[in-house]
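The values are calculated or read from the model by the stated rules, or taken from the named source; none is laboratory data. All values reported here derive from a predicted model rather than from experimental measurement. Glycine also receives a Cβ, built like all others from the backbone with ideal geometry; neighbour counts cover every protein chain displayed.
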Amino acid sequence: MSIVVKSTEERSVMQAMWRGVLCKCPNCGEGKLFRAYLKVADKCDNCGEELLHHRADDLPPYIAITIVGHILVGVMMHMDMSYHVNPLTYLYTMVPLGIIMPLAMLPSIKGAVVGLQWANRMYGFDPAKREA
């Protein structure tokens, strides 16, 4: 049995994604999106919106690795063309940055993906298609 709910209100994709970047509920923008580092809360503490329907999976790490890879390769190319750099300098600087940067941006990227899914009513975010 499925619940039939008329939900035709427009959801702003950019607003939902921005709230996700801020790690806030895509619906109200007040409640916390995460209960742990990358664990999405089952529902918003503020508005009660169910958030457990997300399917972010591998997209956030892929985006983070792509962004960090472009930044680090650009920095390495600039350093190599502008200065005479000891190869160990790359090891001491780029490896830690390659680990820390994606970990720092993962929650915001995952929040944006959850916000995108919520705004587009993907998976279980559409009340009209939820199972009872």
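Could you please let me know if Ala56 is under 21 Å from Ala16 (Cβ atoms), modelled with pLDDT of 95 or more, of a type in the set (Gly, Ala, Ser) and in contact with a helix residue (DSSP H, G or I) (Cβ under 7 Å, 6 or more places away or on another chain)? No: the conditions fail for Ala56.
Has the stretch 70-88 got any residue that is in a helix (DSSP H, G or I), among the charged types (D, E, K, R) and farther than 23 Å from Ala16 by Cα? Yes - at least one qualifying residue is present in the stretch 70-88.
Checking the stretch 91-114 against the condition returns no match, with no residue being over 19 Å from His70 (Cα atoms), loosely packed, with under 15 Cβ neighbours inside 10 Å and in contact (Cβ under 8 Å) with a residue 40 or more places away in the chain.
Could you please let me know if Ile109 is within 14 Å of the chain's Cα centre (by Cα) and closer than 25 Å to Pro127 by Cα? Yes. When we screen Met105, Met94, Met101 for residues that are part of a helix (DSSP H, G or I) and either more than 30 Å from Asn27 (Cα to Cα) or modelled with pLDDT under 95 (or both), the only hit is Met94. Flag: Val21 matches the condition of being of a type in the set (Val, Ile, Thr) and closer than 13 Å to Ala112 by Cβ.
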